[in-house]
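Worksheet for the structure shown next.
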Amino acid sequence: MHGIKELFEKARGKSMTQTLSLAISKREAIAQLIYTDLRKAFYALNLIRYRLQYPNVKFSSGVKIRGKFSITGKGQVEIGENCVFIGSDKNLPNKIVTQDFSAKISIGNNCTFYGTTLSVEGNGQIEIGNNCYFVIHSPIPNSIEVQAAEAKITIRDRCSFNGAKVIAKNCVELKKQCFVSDSLIVDTDYHSVEINRWDPNTKVKTKPICVGENVWLGSRSVILKGVFIGDNSVIGLGTIVRQSVPENVVVIGNPQKIVKTLDTNILPYKFPEDL
């Protein structure tokens, strides 16, 4: 009744067209309010469902899950506040896999995941910071995989991924505000390059990888073991990076080469909440 009375008050002295416009606006506002409340209720009930389904997982407040989503294993999983998981396609679900009780996956606040797999073997770890974004603009899912005991992948705040594959048998770290396209980051040779590579006792080389702040890894680039990439640098389309890269440069090709030095008078963007 209050809404109708308010509508009549507003309609006084107005034409029929204006009155109808007011009525339609009021109806649309009410419909939008109902829709918003229903969405909130859906996500709240869904979160209760997943908390009951996965009692060993720490779901923080405001987590939203829609579409295909699963958690496998008995490792420690912590999901921060207001994270969003959207399974955008039946073939691109969100999956969290811990293959050992001592495995650990920690996700910060306000992260968004579309079609992403997080997987840890042994007592390895994946640590993801705040405000990270894992999206897919192609049929290639994001895959973040720790494939050895005691290995670790660390992704700092505000990193963005689009169809990337990150594999650690040792240690991979991406510092804050990195752009990662459909790239491959792998810190191991997987097999020995020596002639006796079929010998099960042959040692396989692994070395840590560190990607600096505000780095952009272009589409189909490959970052190999032991590489350090300096802050703000850009790795171009299809580049194979086998040697470390200094800060503030653009690198392309195979073999890699520096083709540009960036203007350091242009400072990295500061997000308003960091000021």
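The values are calculated or read from the model by the stated rules, or taken from the named source; none is laboratory data. Keep in mind it's a predicted model, so treat the numbers as computed, not measured. Cβ atoms come from the backbone with ideal geometry, glycine included; neighbour counts cover every protein chain shown. Keep in mind that these areas ignore ligands, DNA and RNA; they rest on the heavy atoms of the full protein, side chains included. Shrake-Rupley method; radii C 1.70, N 1.55, O 1.52, S 1.80 Å.
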Considering only the stretch 116-130, how many residues are in a loop (DSSP other than H, G, I, E, B) and under 12 Å from the mean Cα position of the chain (by Cα)? 2
Per the list (1) open to solvent by 50 Å² or more (accessible area, probe 1.4 Å); (2) modelled with pLDDT under 95, residue check on residue 86 breaks on (1)
Filter the stretch 58-78 down to the residues that are open to solvent by less than 100 Å² (accessible area, probe 1.4 Å), farther than 21 Å from residue 92 by Cβ and not hydroxyl-bearing (Ser, Thr, Tyr) and list them by number. 59, 62, 75, 76, 78
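Conditions (1) open to solvent by 100 Å² or more (accessible area, probe 1.4 Å); (2) of a type in the set (Val, Ile, Thr); (3) assigned to a helix (DSSP H, G or I); (4) modelled with pLDDT under 70, marked per residue:
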site: 18; (1), (2), (3), (4): no, no, yes, yes
site: 29; (1), (2), (3), (4): no, no, yes, no
site: 33; (1), (2), (3), (4): yes, no, yes, no
site: 39; (1), (2), (3), (4): no, no, yes, no
site: 45; (1), (2), (3), (4): yes, no, yes, no
Among the residues of the stretch 227-275 satisfying the criterion of being modelled with pLDDT under 95, under 25 Å from the mean Cα position of the chain (by Cα) and open to solvent by less than 100 Å² (accessible area, probe 1.4 Å), which is nearest to residue 188 (Cα to Cα)? 268
Subset of the stretch 133-191 (residues that are part of a strand (DSSP E or B) and open to solvent by 20 Å² or more (accessible area, probe 1.4 Å)): 133, 145, 152, 160, 162, 165, 171, 173, 179, 184
Selection over the stretch 197-226 where residues are open to solvent by 10 Å² or more (accessible area, probe 1.4 Å), part of a loop (DSSP other than H, G, I, E, B) and either closer than 20 Å to residue 154 by Cβ or of a type in the set (Asp, Glu) (or both) yields a count of 8
